[in-house]
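Below: one structure, written as C-alpha cells.
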Amino acid sequence: MIVVIVAMTVLTLIGAFGAYFFKRASAKSVHPLHIWKNYYFILAAFLYVLATIGYVYLLQGRNLTVLYPLASLQYAWIALLGWFLLHETIGQKKLLGIGLIIIGVSLVVL
C-alpha cells in the first residue's frame with residue numbers, strides 16, 4: 001500500500017505541474033488554430049493525460065475511497081507551485097487549507 005500512496009502522490013505532483021503549465025500557456029494564444037504552437041499547452045495536456053492514465057492504472061483492484069482523497073493532494077501542490085514558481089501569495093487561510101487537506105488525506109489513508 002505504501003507504493004500505491006507514493007505513486008499517487010507523485011501523480012498528483014505531475015498533475016499540479018500540468019496546471020502550472022496551463023497557467024503559463026494562458027499567457028500565449030489559446031485560439032484553436034494556434035494552440036498547437038503553444039508548447040506550454042501541449043506539455044500541460046501531456047502531463048494531465050499522464051497523471052490520469054497513472055491514476056486509472058492505480059484504480060485497478062484498489063479502493064476508490066482511498067485513492068480519490070489522495071487526489072486532493074494536487075490542490076496543495078498547486079498552491080505551493082503557485083507560491084514558488086509564480087510568486088503568488090499564500091495567506092494563513094490557504095496554509096490552513098493545505099494543512100487540513102494533508103490531515104484529511106492522512107486520516108483516510110490510515
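Couple of notes before you dig in:
- Selection within the range 74-93 - over 16 Å from the mean Cα position of the chain (by Cα) and assigned to a helix (DSSP H, G or I): GLN92, LYS93
- Boolean, LYS37 is of a type in the set (Lys, Arg), out of contact with any helix residue (DSSP H, G or I) (no Cβ under 9 Å at 6 or more places or on another chain) and farther than 24 Å from LEU110 by Cα: yes
- Residue list for the range 5-57, restricted to those being part of a loop (DSSP other than H, G, I, E, B) and either of a type in the set (Phe, Trp, Tyr) or surrounded by fewer than 17 Cβ atoms within 10 Å (Cβ to Cβ) (or both): SER26, ALA27, LYS28, SER29, VAL30, HIS31, PRO32, LEU33, HIS34
- Of residues in the range 9-42 being within 10 Å of the chain's Cα centre (by Cα) and among the hydrophobic types (A, V, I, L, M, F, W, C), the one nearest to GLY54 (Cα to Cα): LEU11
A short reminder: the numbers here are calculations on the coordinates, not readings from a lab. In this text, all values refer to a predicted model and were calculated from it rather than measured experimentally. Backbone-built Cβ (ideal geometry, glycine too); neighbour counts: all protein chains shown.
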